[in-house]
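What follows draws every value from the coordinates through simple rules; no lab data is involved. Everything numeric in this text was worked out from a predicted model, so none of it was measured. All Cβ positions, glycine included, derive from the backbone under ideal geometry; neighbour counts span all protein chains shown.
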Amino acid sequence: MTVWPPTPNFAPARRIAILNQAFFVQLAVSGAAVAVMVGLAAWANIARSAPPLDEARARRLLAEEFPGRTLDGLWIAVDGMGAVAKSGGMALVLCQLGDGYVARQIPWAQALAASFKDGRIVIDLADVAAPKAVIALEAWPPKGSHKELAA
């Protein structure tokens, strides 16, 4: 009886010892390589949370996202984690999501109708990536002439 493929002429115990030694060396080297790659990826991609918004930063972010839009009003969250701006008949909404900010545009009437409870407005953005914006403001709707803001 012939065995295919041919095997070296070692005793079975010696064959198992060689296999185990090679297996453990390969396992150790592979584990070390994976640990080095995971460590390098973690070191290179350390996420930093976005700093709180101030008026200048909110205006800059809105100008980047909506070039050419002029702001009729800007309301920044008391905790710096969001902002609502009026531009014509649209509301430009900034809210913190993860380590950055998400910018969306909705009709101004929809922003005015947002629910205000416990010092926070909840604006439905109807977007899978950012379904709603929760922004802490002192009061909503904004103080001022409703004729000016409703236009």
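I'd like to check which strands (runs of 3 or more DSSP E) are fully inside region 28-102 and have at least 1 residues that are under 19 Å from the mean Cα position of the chain (by Cα), touching a residue at least 24 places away in the same chain (Cβ under 8 Å) and at negative phi.
82-87, 90-97
For region 65-116, which positions are farther than 13 Å from Pro142 by Cα and β-branched (Val, Ile, Thr)?
Passing the criteria: Thr70, Val78, Val93, Val102, Ile106.
Could you tell me which residue of region 103-130 is farthest from Pro67 (Cα to Cα), considering only residues that are among the basic types (Lys, Arg) and in contact (Cβ under 8 Å) with a residue 12 or more places away in the chain?
Among them, the one singled out is Arg120.
Out of Ala50, Ala42, Ala28, I need the residue that is more than 30 Å from Arg120 (Cβ to Cβ) and surrounded by 10 or more Cβ atoms within 10 Å (Cβ to Cβ). Which one?
Going through Ala50, Ala42, Ala28 in turn, just one is more than 30 Å from Arg120 (Cβ to Cβ) and surrounded by 10 or more Cβ atoms within 10 Å (Cβ to Cβ): Ala28.
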